[in-house]
Structures are given as C-alpha cells and as structure tokens.
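Have a look at the structure below, then the notes.
The values are calculated or read from the model by the stated rules, or taken from the named source; none is laboratory data. Everything quoted here is computed from the prediction, not taken from an experiment. Backbone-built Cβ (ideal geometry, glycine too); neighbour counts: all protein chains shown.
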Amino acid sequence: MRIFLAGAAGVIGRRLTPLLVLMGHEVTGTTRSAAKAGQIEASCGRPLVVDVFDAAALTTAMLEARPEIVIHQLTNLPSDPTQVSAAAEANARLRIDGTRNLMAAAKVAGARRVIAQSIAFAYAPGGEPHHEDDPLNLEGPRRRSAEGAAGLEWAVLHTPPIEGVVLRYGRLYGPGTWSQTPSVPPALHVDAAAHAALLALERGMPGIYNIAEDDGAVAITKARAQLGFDPTIRLDA
C-alpha cells in the first residue's frame, strides 16, 4: 500500500518506517528538518520535508503521494524530559492545528484510513484500568496535554469518509526515548508502539484503542481482540 507517514524521523517513525518497507509498503515519510531526511531515506522511505502547519504545502505533498493510509506520528516534544511542561503548548498546538491540516489534506488526497498517535495517560482520575470510553482529564494539572489529545482524536474520528483509528500510547521507553526501562504506568516499549501502527493498517474498526503494557493502568482488551496487539513485541533492529 501507499503510506504517508507523518513524523517518520521521530522516535516511533524511525522504528516504523523499515517495518512498513519490509512488509512491502511504499512509504513517503515526512520531517520538518532537511537534516533528518537522510534518516528516512536510509530506512528505504521516500523523504519529504514539509511543515504540517503549512496547509497548502501539506496538501500538495499529500496529493503527490496519493496515500491509501496516513499514519500520524507527529509530536513536538523536547529531548530533555525536564522541559516537557514548558513544551506543552507547542505540542498541543501540533496535535490540534497540525492534525486538522493533516486530516484535511488526507481527505483531499482520497486516503481511506488515518492512524494517529494519542496518549493513554490523560484519563480523569477514577477506577483503573481505564477503558477507551472513560473521560479524559480536562481539568487537571496536565489539562493542556489532555486538550491536545482530545483535539487530535476528534479530528481523526470525525472526518468522513476517512476511517479514523486512534492509538492511545502509554509512556514510551526503549531506543530513542527518555528511558530504557518502564517508568510510571501505563508504559509501552517503542517497538510495540510501532508494531501496533502496522497492525492498524488493515485491522480494527475505526475508533480508539489503548496501546500499552498490561500493567493495570489501562485496559488493552480491545486492542488485543481487534488489532492482535501484543505489548511484548520487540524488533530485531
């Protein structure tokens, strides 16, 4: 299939691009940085330098790629985890405004499905494990992060006729992340995150899926049943 991978040079994108190519898909991978285009090319993807906030350029790029599937792995997070709070506004803007542009471009280009990264650690306080229909915490100290996730999810799930699939990832660990071991639940290895996106290409009904380890924070029953998700998956490379 023709796949448009937004954020191909990111933490998950770097693991996902070679996996998609290995499975025989044609991948156009985006990055905002020309310096990172080589990383995408090295993974056998076709690199494309484009800013998701430039709606016209994004639409042109999407029309040229003619993707059947769009995968949204864009984030705007700092390399230093102590700066996460300061970056919350920029990341929320990317999730809200950037996703809106991405969905509009995907619709114009005729993509049939969009798979998007959200977060599984924004649920409102309550009984655990949290299920996908539990409310997000829009009033807590991480309100802006939750608002960003909610905006992303609404755009992905409400752009007919596109099939929207939202993967609510746990806190990532593994290669390229802030930690090599699980920290606060819900946790998720970056390889299992990439593999879940691969599974969602052709599996699962449109909707929201918790993608995390079975550590009691969120329920992953739906992802196991509909996607065949396995949190123990690790890639060789």
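List the pairs whose first member sits in region 53-73 and is at positive phi and among the charged types (D, E, K, R), whose second member is surrounded by fewer than 19 Cβ atoms within 10 Å (Cβ to Cβ) and part of a strand (DSSP E or B), and whose Cβ atoms are under 7 Å apart, counting only residues at least 6 apart or on separate chains?
Sorted first by the residue in region 53-73, then by its partner, the pairs are Arg66/Arg2.
Please go through (1) at pLDDT below 95; (2) surrounded by 15 or more Cβ atoms within 10 Å (Cβ to Cβ); (3) not in a loop (DSSP other than H, G, I, E, B) for Asn101 and return the number of the only condition it doesn't satisfy.
(1)
If you scan region 129-159, which residues turn out to be under 18 Å from Gly170 (Cβ atoms), touching a residue at least 40 places away in the same chain (Cβ under 8 Å) and among the polar types (S, T, N, Q)?
Residue satisfying the conditions is Ser145 alone.
Do we have Val190 as more than 14 Å from the chain's Cα centre (by Cα) and in contact (Cβ under 8 Å) with a residue 60 or more places away in the chain here? Even if it seems obvious, please write down each step before you answer.
Working: more than 14 Å from the chain's Cα centre (by Cα): no; in contact (Cβ under 8 Å) with a residue 60 or more places away in the chain: yes.
No: the conditions fail for Val190.
Quick one: in region 201-237, which of the residues that are β-branched (Val, Ile, Thr) and not in a loop (DSSP other than H, G, I, E, B) is farthest from Tyr169 (Cα to Cα)?
From region 201-237, those β-branched (Val, Ile, Thr) are 208, 211, 218, 220-221, 232-233; that's our starting set.
Keeping just the survivors that are not in a loop (DSSP other than H, G, I, E, B) gives 208, 211, 218, 221.
Values: Ile208: 11, Ile211: 5, Val218: 10, Thr221: 14 Å.
Of everything passing the filter in region 201-237, Thr221 is farthest from Tyr169 (Cα to Cα).
Return the residue satisfying two criteria in turn: it lies in region 138-187 and is modelled with pLDDT under 95 and over 23 Å from Val11 (Cα atoms), and of such residues it is surrounded by the fewest Cβ atoms within 10 Å (Cβ to Cβ).
Across region 138-187, the extreme among qualifying residues is Pro141.
Results for (1) of a type outside the set (A, V, I, L, M, F, W, C); (2) farther than 20 Å from Gly7 by Cα, shown as yes or no for each residue.
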| site | (1), (2) |
| --- | --- |
| Pro161 | yes, yes |
| Arg168 | yes, no |
| Trp178 | no, no |
| Asn210 | yes, yes |
| Glu213 | yes, yes |
| Val218 | no, yes |
| Ile233 | no, yes |
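Of the residues Thr75, Thr60, Thr31, which is of a type in the set (S, T, N, Q) and farther than 24 Å from Ala192 by Cβ? Please lay out each step first, then the result.
On the way: Thr75 fails: farther than 24 Å from Ala192 by Cβ; Thr31 fails: farther than 24 Å from Ala192 by Cβ.
Going through Thr75, Thr60, Thr31 in turn, just one is of a type in the set (S, T, N, Q) and farther than 24 Å from Ala192 by Cβ: Thr60.
Being in contact with a Pro (Cβ under 8 Å, 6 or more places away or on another chain) and not charged (D, E, K, R) is the filter here, so list the residues in region 12-29 that pass it.
Thr28, Gly29
Only one of these is in a loop (DSSP other than H, G, I, E, B) and in contact with a helix residue (DSSP H, G or I) (Cβ under 9 Å, 6 or more places away or on another chain): Leu167, Leu138, Leu152. Name it.
Values: Leu167 fails: in a loop (DSSP other than H, G, I, E, B); Leu152 fails: in a loop (DSSP other than H, G, I, E, B).
Testing whether each residue is in a loop (DSSP other than H, G, I, E, B) and in contact with a helix residue (DSSP H, G or I) (Cβ under 9 Å, 6 or more places away or on another chain) leaves just Leu138.
Among the residues of region 28-44, which ones are over 12 Å from Gly13 (Cα atoms) and either among the acidic types (Asp, Glu) or not in a helix (DSSP H, G or I) (or both)?
The answer is Arg32, Ser33, Glu41, Cys44.
Which condition number does Val114 fail, the rest of (1) crowded, with 16+ Cβ neighbours inside 10 Å; (2) over 14 Å from the mean Cα position of the chain (by Cα); (3) without any contact (Cβ under 8 Å) to a residue 60 or more places away in the chain being met?
Among (1) crowded, with 16+ Cβ neighbours inside 10 Å; (2) over 14 Å from the mean Cα position of the chain (by Cα); (3) without any contact (Cβ under 8 Å) to a residue 60 or more places away in the chain, Val114 violates only (2).
So which residues in region 45-92 are in a loop (DSSP other than H, G, I, E, B), small (Gly, Ala, Ser) and modelled with pLDDT under 90, if there are any at all? Working first, answer last.
The first filter runs over region 45-92 and keeps only residues in a loop (DSSP other than H, G, I, E, B), leaving 45, 50-54, 66-68, 73-80, 84-87.
With small (Gly, Ala, Ser) added as a condition, the list becomes 45, 79, 85-87.
Result: Ser79, Ser85, Ala86, Ala87.
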